[in-house]
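Below you'll find the structure, written out as structure tokens, and then a few comments.
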Amino acid sequence: MRMIKWHPMRPWFDDEFGPPMFSGDRDFAPALDVYEDEHHVIVETPLAGVDPNKVTIEIEDNVLTFSGSTERTSEVDDKHYYRREVRSGSFYRSVALPKAVKGDAAEATFDKGVLKITVPKAEEAKPKKIAVTVKKS
């Protein structure tokens, strides 16, 4: 039998493949991917159905935080659901970035339901190439 760590703010058990996506009845924490290329740290998160103009993004001390909300547009609330997985409500996610970044130069795009945040690495975080000088004797 698998042991499950108890957490007082988590009303449901974790999925065995990762953290829960929902932290309450109407709040959720979207999944995200964090990766880097030579010059940037990139964060992508699927936010289908979310108005990108209602998403707040902040970077402070190399910690990226984004939040917003989504609303259910259905006018019928009294349905006899067999399964209800489409969520509405507020979301919040915060993640420490793996490298020092220039937060004030970050860019965010929203395409086909995916929010992509691109943040340039700070100079000290970029790999430095050092040329070797050969002395003639």
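Read-outs throughout are calculated quantities, based only on the coordinates presented, and are distinct from any laboratory measurement. Everything numeric here is computed off the predicted structure, so don't read it as measured data. A quick note on method: Cβ atoms are made from the backbone with ideal geometry, for glycine too, and the neighbour counts reach across all protein chains shown.
Between Glu123 and Ala31, what's the calculated FRET efficiency when r is the beta-carbon distance and R0 is 25 Å? Round to 0.05. Efficiency at R0 = 25 Å is approximately 0.20. Sequence-ordered 3J(HN,Hα) estimates for the range 107-123 from the Karplus curve with 6.51, -1.76 and 1.60 and θ = phi - 60° stand at 10, 10, 10, 10, 9, 6, x, 10, 8, 10, 10, 10, 10, x, 6, 6, 3 Hz, glycine and proline given as x. At full extension, Asp111 and Ser88 could sit 6.3 nm farther apart than now, given 0.36 nm per residue minus the alpha carbon distance. Database remark: amide H of Val114 closer than 5 angstrom to the amide H of Leu47 (H placed geometrically; neighbours at sequence offset of 5 or more, or on other chains; Pro and chain starts carry no H).
Taking 7 Å steps out from each Cα toward its Cβ at Ile130 and Asp104 produces label points 3.0 nm apart.
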